[in-house]
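Note sheet for the following structure.
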Amino acid sequence: MEKSHTLKRFMSTLLFMVFVLFSLNAQTDFKEYQGKVIDGKTNKILEAASLSINNTNISTITNSEGYFTLKVPNNKLDSKVLVSFLGYNTYVVPLSELNTEKTIIELFEAVTELSAVNISSYQNAESLVRKVFSDKSVNVGDESVFMTAFYRETIKRRHRNVSLTEAVVNILKQPNSSKQRDAIQLGKARKSTDYKRLDTVSVKLQGGPFSTMYLDIMKYPEYIFTDESISSYNFSFNKPSTINNRTVFVVDFTPKGNQLAVNYKGKLFIDVQSLALVSANYFLDVSNMSKTKNLLVKRKPSDVVVYPLEAIYKVDYKEKGDKWYYSYSNLSLTFKVNKKRQLFNKVYTLSSEMAVTDWEVNTTDKKIKNKDKLRPSIIITDAISGFSDPNFWGKYNLIEPDKSIESAINKIKKNIEKQKDKAKTANG
């Protein structure tokens, strides 16, 4: 009897140990690297520098303070990491030479020379831009792609963070030639919002991850350039630059006049060899306040007038083989809100960014079920719950939060707890 009892206890302990071992293996099948990317001469931080694992689709980017976290599966630890930033030489280093914490990576500006022959190949910058969009099927993969991406959305009142939303999402990108819509599925997500600090006007961003995905102007050119609207812009060559050790044309564009309802200004970075769009940085012309009043606002109270003060957009692409794929995008919208019978106006900034951290060509015909698809009209801050434990993200790559966001999360948590305590006291 005693022997049977001991055997059962031994088996129980063994099962428990096996469970723990499996649990540990599941949580440690990757290695995490942390560090900072800076300019090697000036020590200036490099925001949105790209880090990718060679011969894979695993990648991440640096945050606004230059910091990064990169999680690499154990079976890829013998790989090299490529660190790139527009205008700088790409840095390649074996993962074995990186520290897991506090690695400082220095990038150095590239000296770019472009012969007159390269530019004279095109009558003008506009003809080059037209060719980029008309021949995009040559450079942009026309197959279904399944992506994993990290999305972050923040809201500030003046300079104070009052809301933060983060999510890992799955994206089913349909071929450019397909009439099917791209789909997004919410994976892990968390948020922290102090609605009292948002004051009487509750500011929310509609669209969530769609707001950044639609910045993919090679898939959705209608949001900025169409065959008709291109002629409403002036295009000119700027000094060439470098990305991933390859030369890129830099084309500036500005509106010719007030022909369009909405005007943009910005830069296009075009790979000299393939004529693929590598990156685009642009902003909305908000100089005419009477014309832009309430622009970009979906819904508001009748006694509120909203003026956009700034609208900045960015999109990046990465090459794989001989094709280019959507990689990263961000937007930042700043509004001044005037409310009747209030002496002072309020300024809010809404920012969102999305980085593709892994992807694969959809050869197995993966699908996202209709019930799991996010709507393009989603307000993601209303769709998810509060913040979770520090290990919430597990193996997923993400954009490292900057110190101001971390501080804001702690303040928001404390403030919400105080509000709960006050409510309990009042009810008691």
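For region 80-94, state whether one or more residues are in a loop (DSSP other than H, G, I, E, B), closer than 19 Å to F30 by Cα and either of a type in the set (D, E, K, R) or open to solvent by less than 70 Å² (accessible area, probe 1.4 Å) (or both). The answer is no, given that none of the residues of region 80-94 is in a loop (DSSP other than H, G, I, E, B), closer than 19 Å to F30 by Cα and either of a type in the set (D, E, K, R) or open to solvent by less than 70 Å² (accessible area, probe 1.4 Å) (or both).
Taking the listed residues E153, E143, the one that is open to solvent by less than 50 Å² (accessible area, probe 1.4 Å), of a type outside the set (S, T, N, Q) and either within 22 Å of K373 (Cβ to Cβ) or part of a strand (DSSP E or B) (or both) is E153, with no other qualifying.
Taking the residues in region 318-350 that are among the basic types (K, R) and under 25 Å from Y151 (Cβ atoms) as candidates, determine which candidate is surrounded by the fewest Cβ atoms within 10 Å (Cβ to Cβ). In this case the residue turns out to be K320.
Could you tell me which residue of region 328-342 is nearest to S377 (Cα to Cα), considering only residues that are part of a loop (DSSP other than H, G, I, E, B) and not polar (S, T, N, Q)? Please lay out each step first, then the result.
The initial filter retains those residues of region 328-342 that are part of a loop (DSSP other than H, G, I, E, B), namely 340-342.
If we keep only those that are not polar (S, T, N, Q) too, we end up with 340-341.
Values: K340: 28, R341: 31 Å.
Out of the qualifying residues, it is K340.
The condition (being among the aliphatic types (A, V, I, L, M) and more than 25 Å from the chain's Cα centre (by Cα)) is satisfied by just one residue among I224, I270, I230, I217: I230. Looking at D39, is it open to solvent by less than 20 Å² (accessible area, probe 1.4 Å), out of contact with any Asp or Glu (no Cβ under 7 Å at 6 or more places or on another chain) and among the charged types (D, E, K, R)? Considered against the rule, which asks whether it is open to solvent by less than 20 Å² (accessible area, probe 1.4 Å), out of contact with any Asp or Glu (no Cβ under 7 Å at 6 or more places or on another chain) and among the charged types (D, E, K, R), D39 comes out as yes. Only residues that are under 16 Å from V251 (Cβ atoms), among the hydroxyl-bearing types (S, T, Y) and at pLDDT 80 or above were counted across region 101-139, and they come to 2. Checked against the criteria, N55 does not count as out of contact with any strand residue (DSSP E or B) (no Cβ under 9 Å at 6 or more places or on another chain) and at pLDDT below 95.
Among the conditions (1) in a strand (DSSP E or B); (2) at pLDDT 90 or above, R190 misses just one, which is (2).
Residues T60, T42, T56: which one is within 16 Å of D358 (Cα to Cα) and not in a strand (DSSP E or B)?
On inspection, the qualifying residue turns out to be T56.
Checked against the criterion of being part of a helix (DSSP H, G or I), modelled with pLDDT of 80 or more and loosely packed, with under 13 Cβ neighbours inside 10 Å, region 351-364 contains not a single residue that satisfies it. Output yes when any residue across region 276-292 is out of contact with any strand residue (DSSP E or B) (no Cβ under 6 Å at 6 or more places or on another chain), under 28 Å from S144 (Cβ atoms), among the polar types (S, T, N, Q) and open to solvent by 50 Å² or more (accessible area, probe 1.4 Å), and no when none is. No: region 276-292 contains no residue that is out of contact with any strand residue (DSSP E or B) (no Cβ under 6 Å at 6 or more places or on another chain), under 28 Å from S144 (Cβ atoms), among the polar types (S, T, N, Q) and open to solvent by 50 Å² or more (accessible area, probe 1.4 Å).
Answer yes or no as to whether V250 is open to solvent by less than 30 Å² (accessible area, probe 1.4 Å) and more than 16 Å from I224 (Cα to Cα). Yes, satisfied.
The values are calculated or read from the model by the stated rules, or taken from the named source; none is laboratory data. In this text the structure is predicted, and so the values were computed from the model without any measurement. No Cβ is skipped: glycine too gets one built from the backbone with ideal geometry, and neighbour counts run over all protein chains shown. Note: areas computed on protein heavy atoms with side chains; ligands, DNA, RNA excluded. Shrake-Rupley method; radii C 1.70, N 1.55, O 1.52, S 1.80 Å.
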